[in-house]
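Worksheet for the structure shown next.
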Amino acid sequence: MDAELKTAASDLASLVRQSSRALAFTGAGLSTECGIPDFRSPGGLWTKNKPIPFEAFLSSRAARAEAWRRKFAMDESFKAAVPGRGHRALAAMVRTGRLSGIVTQNIDNLHQDSGVPDDRLVELHGNGSYATCLACARRYELSWVRARFEATDGEAPDCTDCGGPVKSATISFGQAMPEAEMRRALDWTVEADLFIAIGSSLVVYPAASLPVTAKRNGAMLVIVNREETPLDDIADRVIAADIGTLLQSVMEHLPVAGVN
Ligand code: NAD
């Protein structure tokens, strides 16, 4: 590990120790080391398939079928993924009270898998490990959707109760943000004295407004991302390092038994 990264890790650990309400805000970059591609890195999902907007999903049966086809094609890497060094470090920080919570844009369930309790986690963009009916909110497991999808030669299934469209429980572009989650994320952001944005290109709104809100409300803003972001200019620290390596090193300065 290079000296610069070591210094950045020790500095971030000091900021965490000094803060009384540190909040982590995570994006797809946290999970790349777990084998889940992000959107905007070179070769990321964005360069392969532009996301299907919510309006198209609602209005077109073909778009719904395509959304499920892509989902199942990607599902192998999602299913195989386990929490990485970054997830484990953040979970340990939550467990020991170093972090007041985590607001995530990720949909991969890896914060939960690393042991972060629901009351310390806000999922801004939903969760891709199950599906719901958009009309009546009935929950469906992906195995059910997949069985229907395969049995009908790639048709998107409808709700068996009300006939509404069944969609992965994630928030698509153009879909309204979940109100309760957004409110909780905003409350935590306003209360934070240290806001650490990790692995996000910070271009997806309204999520990317949270670091700005944190800063306006007096928090120190730290951005950890290997590429530049549009908010680097307002950050107190920008750490362009590999997330897993950095957070593992931060933990060496905040020792907690059971984290490696
Ligand atoms: P993004 O793809 O726009 O940005 C990810 C950023 O992480 C990039 O700027 C990249 O340079 C950086 N990065 C990647 N790996 C890194 C590493 N190991 N170390 C340091 N930096 C690294 O992601 P976003 O801002 O979260 O926005 C994408 C949207 O897509 C989100 O809304 C999210 O819901 C969704 N998404 C989620 C997942 C997931 O759940 N794992 C994966 C892809 C997309």
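Relative contact order (percent) for the chain, with alpha-carbon contacts under 8 angstrom and 6 or more residues of separation?
Result for the chain is 26 percent.
Chymotrypsin sites (Phe, Trp or Tyr not before Pro) within region 118-181: which are DSSP loop residues with at most 16 other Cβ atoms inside 10 Å?
Listed in order of number, the matching sites are PHE173.
Provide the gained length on full extension for the span ASP187 to THR7, in nm with one decimal, where the gain is 0.36 nm per separating residue minus the Cα-Cα distance.
61.6 nm
What lysines does LYS215 reach when the alpha-carbon gap must be under 30 Å and sequence neighbours fewer than 8 apart in one chain are set aside?
Once the sequence-local lysines are set aside, what remains near LYS215 is LYS6.
Given the chain, what percent of its DSSP beta bridges are antiparallel, to the nearest 5?
25
Could you check the simple spin-label distance between ASN217 and THR245, using points 7 Å along Cα→Cβ, in nm with one decimal?
Placing both labels 7 Å beyond Cα along the Cβ direction yields 3.4 nm.
Quick one: the Cα spread of the chain along its three principal axes, in angstroms, biggest first?
56, 34, 32 Å, listed from the longest principal axis down.
May I ask you to list the lysines whose Cα is less than 28 Å away from that of LYS167, ignoring any residue fewer than eight positions away on the same chain?
Answer for LYS167, where 28 Å is the Cα cut-off: LYS48, LYS50, LYS71, LYS79, listed by chain and number.
Each reported figure results from applying straightforward, stated rules to the coordinates on display, with no laboratory input. Values in this document were obtained by computation on a predicted structure and should not be read as measured data. Reconstructed Cβ throughout: ideal geometry from the backbone, glycine too, with neighbour counts over all protein chains shown.
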